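Shown next, in C-alpha cells, is the structure this report addresses.
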Amino acid sequence: MTVALPQAGTGSIAVYDGSGSFLDVSPAAASPAGTYRVGALLEPRADESSVVFGPDGPLVAPASYAAWGESDVTAFGTSTGPAVAWLAVGPTPVTWSDVRAVNTLGATVLSRQVVLHPSAEAKAAETAFSYDGGTSVSTDVAAVVGGAVALGLLQAILMIGPAFQVGARRASRDLALLAAAGADARTIRRTVLAGGLVVGATTSAAAATVGTLAAAVSLRSWTSAQVAIPWPWLFAFSAVGTFIAVAAAWLPARRASRLDPVLVLAGRRADPAPRRWPAVVGGALAAAGTVTALVGATTNQGVLVLVAGIMLAEVGLVLAAGSIVGGLSRLAGSLRGTPRLALRDAARHRARTAPAVAAVLAACAAATAGLVFAGSQAQHDRLSYVPDAATGTFLVGALGDPAHGLTDAEIATITGRVDDAGVTRGNLVAVTSVLGSAANSTPVWVAPQDRGTPDGTGVVTASAVGIASPASTAVGTVVDDGSSLERLRLLGVPEPDKAAAALRAGRVVVSADDLGVDGTAALIAEDSTGAIDGHTVRVPAVAVGGPIDPPTNLPVLPPSIAKDLGLRVRTSALVAKVRSGAWNHAVRTTLDDALIAALPLARRKPG
C-alpha cells in the first residue's frame with residue numbers, strides 16, 4: 001500500500017512506499033490507494049500536516065525527509081527537522097512488555113492499553129519518572145517571601161496594638177474591679193485577649209464574606225467563569241486575621257494584668273515600672289541581626305542568612321522601642337516649649353508610644369529595604385544590558401540569520417528602500433561579520449581569562465577554559481580592518497579610536513575582562529556545523545572599555561586573524577545614524593513591510 005503526501009512548497013506529490021523511500025510524482029499521476037473502513041477519528045494537531053498509513057508488518061524509517069525539507073543538525077546533536085511517529089492499530093493491544101521492548105530500541109510508545117489499564121510495573125515507572133508540571137521554588141526565593149510575610153504580619157500587629165492598648169486603658173477601672181473581686185492576673189489577661197479574639201474572628205469572617213460576594217458579583221458580571229470558593233484558603237485567611245488581632249492584644253493584656261487595682265480605683269497613675277530586659281534582649285538581637293545581615297550580604301552564605309539577619313534586627317529594634325523612647329525623653333530637659341512637652345508625654349505614656357514607634361520603625365525599614373533592592377536590581381539590569389549598536393543607530397540586515405549574509409542585490413535593495421524612507425543621516429555603512437551555522441549566530445567565543453591555563457604551546461584545552469562567553473548582539477562576530485572610525489562608533493564599540501588602531505595593527509579587540517596578562521585573548525572558533533573544535537587559540541588582543549562598560553559587539557576580529565582561523569566572512573548588516581525626529585513606530589512598520597516585500601522569500605527577515 002502507498003499513500004500520497006503533498007510536498008511542502010511545491011506542486012509535486014511525495015509517495016511513501018512504507019519501506020524507507022519517497023518517490024516524487026506529479027499530481028496527475030497520484031491515484032487513490034483504495035477504499036478503507038474508518039476505525040477511529042483523530043483530532044487535528046497544529047504541528048502535523050498529514051498522516052501516513054503504511055503497509056502491514058515492519059515499518060522502515062524514511063531515509064530522506066525531502067517531503068518536508070532537509071533537517072538541520074545543531075551543535076548539540078539534535079535535529080530541527082520533522083520527527084517520524086507511527087500509529088499502530090490492530091486487534092492486539094500494546095502491553096507494557098511491548099512498550100519496554102520498544103524502549104530498548106531507543107524509542108518511546110504511548111499505549112492506549114497501558115493508559116487505561118496500567119500494570120503494577122507501569123504505575124511504578126510513572127511514579128518514578130512523573131513530573132507534575134509545577135515549578136520548584138529555590139531556598140533564596142522562599143527566604144525572601146517568608147521574610148516579607150513575617151515582616152508584614154509584625155507590622156500589622158504593631159499597628160493594631162495601640163488600639164487594644166487604648167481600649168485596655170479605658171477599661172482599666174472595670175479590670176481593677178474584677179481584680180478586687182478576686183480575679184488573678186491570668187484571668188485579667190484572658191479577659192483582654194478574649195476581646196482581641198472576638199474582634200479578630202468577627203472582622204475576619206466579615207471580610208471573607210464580603211470578599212467572596214464581591215468576587216462572585218465580578219465573575220458573574222464581567223466573565224463567564226463559574227464561582228468556585230476555595231474554602232480551605234478562606235478558613236486559613238480568617239485564622240491569620242484572628243491570630244493578628246490576638247497577638248496585637250497580647251501586650252496590652254499583659255500590661256493590664258500588672259496594674260495595681262488600688263491605684264486604679266483611687267484614680268492615681270498605675271503604670272508599672274518599665275523593665276530592663278526588653279532593652280537588653282532587643283539590643284542584643286539588633287546587634288546580632290545586623291552582623292548576620294552583613295555577613296550574608298558580603299559573603300556567599302546565601303540570601304537565607306541575609307533575611308534571617310534582617311528579621312533578627314527588626315525584632316530587636318521592636319523590643320527596644322520602649323527603651324528608645326525613654327532614652328529620648330532624657331533630652332527633654334535641654335529643650336523648651338512643645339518639643340519638651342512632647343518628649344515627656346511620650347515617656348509618660350510609653351505603653352501606647354512604644355508600639356507606635358515600633359510600627360513606624362518597621363514600616364520605614366521595610367520601605368527602605370524595598371527601595372535599596374529595587375535600586376540595586378535596576379542598576380544591575382542597566383549594567384548587564386548589551387545593546388546591538390550605539391544609541392541612535394539605524395541597524396538593518398540579516399539579523400538572526402547567521403548562516404547567510406547580504407548579497408550585492410540585497411544591499412542595493414535595502415539601500416534604496418531606506419533612502420526612500422529618509423530616516424538616516426548619511427550613507428549606510430556595511431558591517432562584515434563571521435558566517436555561522438544555522439543554529440549558532442556566534443561562531444567565535446571568548447574564553448574567560450580566569451579559567452584559561454596556557455600549557456606553553458599557545459593552546460588552551462576546552463576543559464581548562466570552562467564556559468566561554470559569546471557576543472550577544474544581533475550582528476554576530478564583527479570583522480573590521482579599522483579603516484572606518486564611524487563604523488565602530490555606530491556599532492557602539494567602546495573606545496573606537498583605540499579599537500581602530502588595534503585592528504589596523506592586526507590585533508583582536510576584546511573587553512577588559514577577556515584580556516590576558518600576556519596581552520593575548522583566548523578565542524574558541526567553531527567549525528561549519530556549529531560544533532566547538534575542542535581547543536582555544538590565543539591571539540594578540542587589545543582591551544577597550546572599563547570593567548562595567550557593556551561589551552557591545554565585542555570581540556572584533558581583524559581580517560588577518562579571521563583568515564588564519566579559516567572563518568567565512570560576509571556583509572551581514574548596514575548601519576547609519578538616525579536622522580533626528582525621523583524614527584517612530586509607524587515609520588518602522590512601513591519600512592519593515594517594504595523590506596519584507598522587496599527581499600526574496602527565503603530571506604524575509606527584517607532587522
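Can you tell me the equivalent ellipsoid semi-axes for region 342-381? Use √(5λ) from the Cα gyration tensor, largest first, whole Å.
Values: eigenvalues 241, 12, 3 Å².
Rounded to whole Å, the semi-axes are 35, 8, 4.
Based on the alpha carbon coordinates of region 214-272, what radius of gyration and maximum Cα-Cα distance (Dmax) apply, in Å?
22.6, 66
Need one word for region 297-426: rounded, prolate or oblate. Basis is the Cα gyration tensor (sqrt eigenvalues a ≥ b ≥ c); a/c below 1.5 gives rounded, then a/b vs b/c decides.
Numbers: a/c = 6.63, a/b = 3.11, b/c = 2.13.
Prolate is the answer for region 297-426, as a/c is 1.5 or above and a/b outweighs b/c.
Expressed as a whole percent, how much of the Cα-Cα distance distribution for region 106-222 exceeds 26 Å?
The calculated P(r) of region 106-222 puts 63 percent of pairs beyond 26 Å.
So what does Asp513 come to for accessible area, using a 1.4 Å probe and Å² rounded to 10?
Asp513 has an accessible surface of roughly 110 Å² with all protein chains in place.
Before I look further, what does region 204-359 give for accessible area per residue, probe 1.4 Å, in whole square angstrom?
Using a 1.4 Å probe on heavy atoms only, each residue of region 204-359 averages 62 Å².
Within the accessible area of region 275-412, what % is carbon and sulfur when the probe is 1.4 Å and the other protein chains stay in place?
Of all accessible area on region 275-412, carbon and sulfur atoms account for 67 percent.
Let me check I have the definition right: for region 293-371, take the eigenvalues of the Cα gyration tensor, multiply each by 5, take square roots. What are those semi-axes in whole Å, largest first?
33, 11, 11
The values are calculated or read from the model by the stated rules, or taken from the named source; none is laboratory data. Predicted model only: the values in this text are computed from it and were never measured. Calculation scope for accessible area: heavy atoms of the full protein, side chains included, ligands and nucleic acids excluded. Shrake-Rupley method; radii C 1.70, N 1.55, O 1.52, S 1.80 Å.
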